[in-house]
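Worksheet: the structure to be examined is printed underneath.
Coordinate-derived values only; no laboratory data. This structure is a prediction, so every number in the text was calculated from the model and none was measured. Cβ placement follows ideal geometry from the backbone for every residue including glycine, while neighbour counts extend to all protein chains displayed.
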Amino acid sequence: MSAGLLTQRYWRITSGWLALLLVLSSASSAAWAAGFDIVSASTQLEGEVYRLNAQIEYRFSQAPLEALKNGVPLTIELEMEVRRRRAWMWDETVYALAQRFRLEYHTLSRQYLVTNLNSGERRGFQSQSSALHVMGEISDFPFLDKGLLVPNQRYEGALRARLDVDALPTPLRLFAYISDDWRLVSEWHTWRL
């Protein structure tokens with residue numbers, strides 16, 4: 001083979017590998033961008049009740065968004081805990097609560113519906129970003145009664161958001177269990193009570 005043919009073959013193979021790496025890196029950066037984040041969370045004592053204020057950012061991967069557009073409701077669960085801090089042992093969870101929201105898209109009305117599954121309250125939005133913004137703003141939520149805490153102990157609040165895969169329709173649920181696109185969960189965000 002001549003040197004010219006070898007050079008052409010080398011550049012063809014190299015450009016193929018570069019194209020593959022470019023596709024993989026763009027796919028991994030898209031997957032990296034998906035996820036849930038607790039931006040902030042804190043409680044304030046008002047009277048005898050601790051009230052939670054939090055901001056959550058929801059970034060869905062493509063698969064759940066396509067399912068939503070095709071009529072599959074998505075359920076988001078906010079897991080809330082109060083933990084007693086202990087020096088020589090694991091922290092003890094003294095209180096746990098789950099707040100659940102269902103996000104739906106109605107193609108006829110072109111509206112996104114957010115339903116608080118705990119209270120039954122339902123609201124409609126013209127855009128997905130508006131619906132996610134409202135779901136992500138927790139304001140003055142009655143988190144915990146002060147009487148449940150033992151005086152002179154150290155406590156912390158904890159909050160985590162996750163996509164509830166178990167609430168999906170069965171055929172989709174089986175696929176979601178094995179796909180990273182559906183594993184949308186935030187880290188635990190903790191703060192001192």
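Sequence-distant or interchain residues sharing an amide H contact under 5 Å with Phe60, placed H: which?
Excluding prolines and chain starts, which carry no amide H, the hits are Gly35.
Counting alpha carbon pairs within less than 8 Å and at least 6 residues apart, what relative contact order, in whole percent, applies to the stretch 43-193? Display every interim value, and only then the final one.
Working: 279 pairs, mean separation 45.4, N = 151.
The normalised contact order for the stretch 43-193 reaches 30 percent.
What's the Cα-based Rg to Rh of the stretch 98-174, Rh via Kirkwood?
Details: Rg = 16.7 Å, Rh = 15.3 Å.
My calculation puts Rg/Rh at 1.09.
Pull up all non-local amide H partners of Leu184: gap of 5 or more, or a different chain, and H-to-H distance under 5 Å with H placed in the peptide plane.
Answer set, sorted by chain and number: Leu163.
Bin width 10 Å, alpha-carbon pairs only: give the P(r) of the stretch 34-192 as whole percents, running from 0 to the bin holding the largest distance.
10, 37, 31, 16, 6, 0
Got a sec to turn the phi values of the stretch 46-51 into Karplus ³J(HN,Hα) couplings, 6.51 cos²θ - 1.76 cosθ + 1.60 with θ = phi - 60°, whole Hz, x for Gly and Pro?
Going residue by residue, I get 10, x, 10, 10, 7, 10 Hz, with x marking Gly and Pro.
Using the count of nearby Cβ atoms within 10 Å as a rough guide to exposure, how do Arg110, Arg173, Arg83, Arg51 rank from fewest to most?
With the fewest neighbours first, Arg110, Arg173, Arg83, Arg51 line up as Arg110, Arg173, Arg51, Arg83.
Hey, can you grab everything whose amide H is under 5 Å from the amide H of Ser40? Only 5+ residues off in sequence or another chain; H modelled, so Pro and N-termini drop out.
Gln55
Would you tally the net charge around Ala34, using a Cβ to Cβ cut-off of less than 15 Å, leaving Ala34 out, and scoring K and R as +1, D and E as -1? Show your work: numbers first, answer last.
Details: positive: Arg59, Arg162, Arg183; negative: Asp37, Glu57, Glu66, Asp180, Asp181, Glu187.
Around Ala34, the charge tally is -3.
Which order do the peptides 120-128, 151-159 come out in when sorted by mean C-beta neighbours inside 10 angstrom, highest first?
151-159, 120-128
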